[in-house]
Amino acid sequence: MVLPNYSAMTYNKGMEEVLAARFRKAYWAIVHNVDVLRLRIWEERGITLPQLRVLSYLRANPQATTNALARALGLTAPTVSGLVDKLVIAGLVVRGVNPDDRRVIPLSLTPEGTGVISEIRQGNQAYLSELAGDLGEDLEPIIFALEHLVAAIDERPARAAIAEDGATHT
């Protein structure tokens, strides 16, 4: 892959705008192309993005409560409760029992819920592995750039920007 040599251009405000536009275009091209795999599985299973976020959180945090989910996902407890209700009906999540405190209800994925998350991950991993193979010697600098992007995102997370704007999610 041969990239254009933009470093020869004089750096000024116009160049900054050109770079920002190229960055946005590349970012959204990646998001849209990679998300096609996840979206297909969501549609086949009838899962919404908020429901997928609940499933993903429970995969990483088994026995989480509705309140813990709400805090982690930036949603209200009633909203999360409604999402969990639908996932329980779909057979993807099960409500447990806490013998020490009946008010605390731990949530876990069912085997089917784990299967949905695994199916999404496996599809993405297979696609990304093929893509990495196609990149050949360009892979290492691309990884470096992506790692740099992740570090920049960690310094300026979207959740913090949303919180500063006072936006709420339901």
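The values are calculated or read from the model by the stated rules, or taken from the named source; none is laboratory data. The shown structure was predicted, so the numbers you read here are calculated from the model rather than taken from an experiment. Reconstructed Cβ throughout: ideal geometry from the backbone, glycine too, with neighbour counts over all protein chains shown. Protein only, heavy atoms only, side chains kept; ligands, DNA and RNA dropped before computing areas. Shrake-Rupley method; radii C 1.70, N 1.55, O 1.52, S 1.80 Å.
To the nearest 10 degrees, how steeply does helix 77-89 sit against the main Cα axis of the chain, on a 0 to 90 scale? Once rounded, one gets 80 degrees. Arg95 sits among other residues whose Cβ lies under 12 Å from its own Cβ, and their net charge, with Lys and Arg +1 and Asp and Glu -1, is 0. Give the angle, between 0 and 90 degrees and rounded to the nearest 10, that separates the Cα long axis of helix 13-45 from the longest principal axis of the Cα atoms of the chain. Between the helix axis and the principal axis of the chain, the angle is about 40 degrees.
Provide the gained length on full extension for the span Ala90 to Ala77, in nm with one decimal, where the gain is 0.36 nm per separating residue minus the Cα-Cα distance. Before the final figure, lay out each step's value.
Values: separation 13, 0.36 × 13 = 4.68 nm, distance 1.98 nm.
Full extension of this stretch gives 2.7 nm more.
Over the heavy atoms of Ile41, what accessible area does a 1.4 Å probe trace out, to the nearest 10 Å²? We get 10 Å² for Ile41. Projecting the Cα positions of Val150, Gln125, Leu135 onto the charge dipole of the range 111-159 (unit charges on Cβ atoms of Lys, Arg, Asp and Glu, taken about the Cα centre) puts Val150 furthest along the positive direction. All other residues whose Cβ lies under 15 angstrom from that of Val116 are scored, Lys and Arg at +1 and Asp and Glu at -1, for a net of +3. Across the range 53-69, coupling constants 3J(HN,Hα) worked out from phi with the 6.51/-1.76/1.60 Karplus curve, θ = phi - 60°, read 4, 5, 4, 5, 5, 5, 5, 7, 9, x, 6, 5, 9, 4, 5, 5, 4 Hz, and Gly and Pro carry x.
Work out which trypsin sites (Lys or Arg not before Pro) in the chain are exposed loop sites (DSSP not H, G, I, E or B, at most 14 other Cβ within 10 Å) and give the longest gap free of them.
Numbers: sites that count: Arg102, Arg103.
Counting only loop sites that pass the neighbour cut-off, the longest clear stretch is 1-101.
Distance distribution note for the chain: the fraction of Cα pairs above 19 angstrom is 69%. Going 7 Å from the Cα of Val34 toward and past its Cβ, which residues in the range 113-142 have a backbone nitrogen under 18 Å from where you end up? Backbone N within reach: 117-136, 138-142.
Our estimate of slack between Glu155 and Leu139, defined as 0.36 nm per intervening residue step minus the Cα-Cα distance, is 3.3 nm. Straightening the chain between Glu112 and Glu147 buys 9.3 nm, computed as 0.36 nm per residue apart minus the Cα-Cα spacing.
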